[in-house]
Each structure stands twice: as structure tokens, then as C-alpha cells.
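Everything below concerns the one structure shown next.
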Amino acid sequence: MPNSIDSQIYKTTVSLSKRFTNMKPFLPFIAALIRSKIVRNFSQGGCWNGSGTGLFDGGSQRWAPLAPSTVAAYRKKGWTTKPTLNRHEAGLRSSVYVEPSGSNSIVIGSGLPYAAIHQYGGNIPVKSGSGNSGGRVRKVSERSSKKTMISIPARPYITLSPQDLSDIVEKLSKEMMKAKY
């Protein structure tokens, strides 16, 4: 059974969709609102429900901290360790796009190869040899390590909470009521 926020959002969106059959003029406005919520997720070190990794799994839980081995590797390279996914300006946060697509859709994503592992978590193989992959590449020899996989916890950054949805619907409602249709 939907909670009161879900019911309110549903009723408002149904009412608006009856009045506005063409959402294309509003998509950039909606995309900007969603983008601002995602940027907030990075700034606060995560805003998710602690279990899901989808768009609507936002909440108040913060991301898991970096592993001690990762913190040590970052410090050795002179990289910052906090907040977790905000190591530098040209990184994951700046790669996230929220763009209108067609007449009634918004596409959200990142083109970075490591974006999905942070959103969903998972295991990545330890690479043999030396190199640089965010502190995750280690020289592996028979004596130094038997570890073949590194577990990355989910740190969902593309999430919206029920309150975020309510805020977006409220702002969208006001914007649509100003429209001359």
C-alpha cells in the first residue's frame, strides 16, 4: 500500500498529465531538479535507503567508508579521501548527465568505466603488475597476495528519496501552472 507521499505524488502527476499531454517543454526543468538532487548526494556522502541501488532508493543512509587499504593508497598518491566519491572535480560527480530524451523521457548516467561499480557495488579482479586505477591496482606476486578479487560496496549516487520526488513534483506543478497552454 503506498504511503501518503506516494499517494500525493501519484494524484498530482495524474492531474497534471490530464492537463499537459506534451511534457517536452518541462523536461529540462525536471532534469535540472533531478541533477541538483544527485549533486546533493555527492556533497552529503550518499543519500540512499541502504539496500536498493535504483533511482527511487534514496534515503538518509551515507555511503560505506573507504577501505583502510584504499585510504592508504590514496594518501600515498596525495589524493583526498573524503567525501568518498568526490576525489577530484573531473571525476564521477562531474560525469553524471541528466538530459531530456525525446518527448517524455529523461536519461541519467555516466560515461565513466567505473561509474556502475560505485552505483551497484560488486567485485573487480586484482590486476597483476603495477599501474593506477584509483588505488585499486596492486602488484601481485606469490609472496605478496593471494587475493584475486576486490569487493566494492554499493555507493549509489543516482538516487531520489520520496521527499525528493515530492519536492520535484511540487516545483514542477508550480512551473506547469505558470505555463500558457
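The values are calculated or read from the model by the stated rules, or taken from the named source; none is laboratory data. Here the structure is a predicted model, which means the values were calculated and not measured. Here the Cβ positions follow ideal geometry from the backbone for every residue, glycine too, while neighbour counts run over all protein chains shown.
Residues that are surrounded by 12 or more Cβ atoms within 10 Å (Cβ to Cβ), within 11 Å of the chain's Cα centre (by Cα) and either at pLDDT 85 or above or among the aliphatic types (A, V, I, L, M) (or both): does segment 7-14 have at least one? Taking every residue of segment 7-14 in turn, none turns out to be surrounded by 12 or more Cβ atoms within 10 Å (Cβ to Cβ), within 11 Å of the chain's Cα centre (by Cα) and either at pLDDT 85 or above or among the aliphatic types (A, V, I, L, M) (or both).
Here's the yes/no breakdown for (1) farther than 19 Å from Ser173 by Cβ; (2) touching a Pro at 6+ places or on another chain (Cβ under 9 Å):
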residue	(1), (2)
Ala31	no, yes
Ile34	no, no
Lys37	no, no
Arg40	yes, no
Gly45	yes, yes
Gly54	yes, yes
Gly58	yes, yes
Trp63	yes, yes
Leu66	yes, no
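In summary, Ala64 fulfils each of the numbered conditions (1) of a type in the set (A, V, I, L, M, F, W, C); (2) part of a helix (DSSP H, G or I); (3) within 23 Å of Ser94 (Cβ to Cβ) with the single exception of condition (2). If you check Phe20, Phe29 for being at pLDDT 90 or above and not β-branched (Val, Ile, Thr), only one passes: Phe29. What pairs come out if I take residues in segment 43-54 that are under 21 Å from Leu66 (Cβ atoms) and in contact (Cβ under 8 Å) with a residue 24 or more places away in the chain and pair them with residues that are in a loop (DSSP other than H, G, I, E, B) and of a type in the set (Ser, Thr, Tyr) whose C-beta lies under 7 Å away, six or more apart or interchain? As it stands, the answer is Gly45/Thr84; Cys47/Ser60; Cys47/Thr159; Cys47/Ser161; Trp48/Thr159, since those pairs meet every condition given. Among the residues of segment 34-59, those identified as surrounded by fewer than 18 Cβ atoms within 10 Å (Cβ to Cβ), among the hydrophobic types (A, V, I, L, M, F, W, C) and in a loop (DSSP other than H, G, I, E, B) are Leu55, Phe56.
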